[in-house]
Amino acid sequence: MSSPSPSTVAGGPEHRAGPQGAEAAAYADAAEDRADAVRRALAEDLDAGFIQLFETYQAPLFSTALRVSGRWADAEDLTADAFLRAYRALGGYPPERIAALRPRPWLVTILLNGWRNRRRSAARSPTVPLESAPEPVDPGADVASIVAGRETGAELGVLLAELSEPQRVAVVLRHVAELSPAEIAEVLGCAEGTAKSHVSRGLARLRTLRAERGDPTDSTDSTDSTDSTDSTDGGAR
């Protein structure tokens, strides 16, 4: 199972800068149409449907793996493992469960579970620093503009590695995997207000880190209307 090319990671149909305003509804509709097509294909024939699932979500899943792990080789392994686990799981799903499947958050949940398991294993038997410096990403994979404006892929990886795990994962799920706040809350097992807060605080921390590295010009919007912090939710950190 090969990883997507840098250009695919940067610009596939499931991976582009998150839409804003009126465009968001149309984008959400298109994403739901793709999910419907995948569900229908899986219901008709599991093997053929899985190929469609893979082709639809490989690029955003790999990009998510790359941004949470910080290393290209790890992202390849995590993505391959997530799809393998997904295929095995689908084989045991009854038709009604496949009909209710939400492919993108489901795959991201499998991916994050695999990533956390690897981190726990590495913590028990460390052979390299757990938070080793992220490997540079091919300049063609311009995922940076999604999260923080003008950083190169490598620079963004370094900044993301400095966020707390909840903030890093939430920012990646929102601006790389392009999950909605409700889907992020589902994946993380928290309240939607907490998920929004993690995204908002993570983006604010990224802006601070950019400024500390000598780039006072921040082209990122100061607010994200879909990710505004819920001031009544005190659970986010």
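Each reported figure results from applying straightforward, stated rules to the coordinates on display, with no laboratory input. This one's a predicted model, so the numbers in the text were calculated from it and none came from an experiment. Neighbour counts are summed over all protein chains in view; Cβ atoms, including those assigned to glycine, are modelled from backbone coordinates with ideal geometry.
Some observations on this one:
- Length, then width, then depth: along the principal axes, the Cα atoms of segment 52-108 run 37, 17, 16 Å.
- Cα extents of segment 30-133 along the three principal axes, largest first (Å): 46, 27, 18
- Note on segment 83-126: Cα convex hull, mean projected area over all directions, 3.5 nm².
- Prolate/oblate/rounded call for segment 28-87, Cα gyration tensor, a/c under 1.5 rounded: oblate
- Reduced Cα scattering model of segment 155-213, Debye log10 I(q)/I(0), q = 0.14, 0.20 Å⁻¹: -0.34, -0.65
- Residues T109, T64, sorted so that the one with the fewest Cβ neighbours within 10 Å comes first: T109, T64
- Residue exposure sequence - E183, E44, E55 - by fewest surrounding Cβ within 10 Å: E44, E55, E183
- About the Cα centre, charge dipole magnitude for segment 53-105 (Lys/Arg +1, Asp/Glu -1 at Cβ), debye: 200
- Note on I51, I110, I184: ascending count of other Cβ atoms within 10 Å places them as I51, I110, I184, the fewest first.
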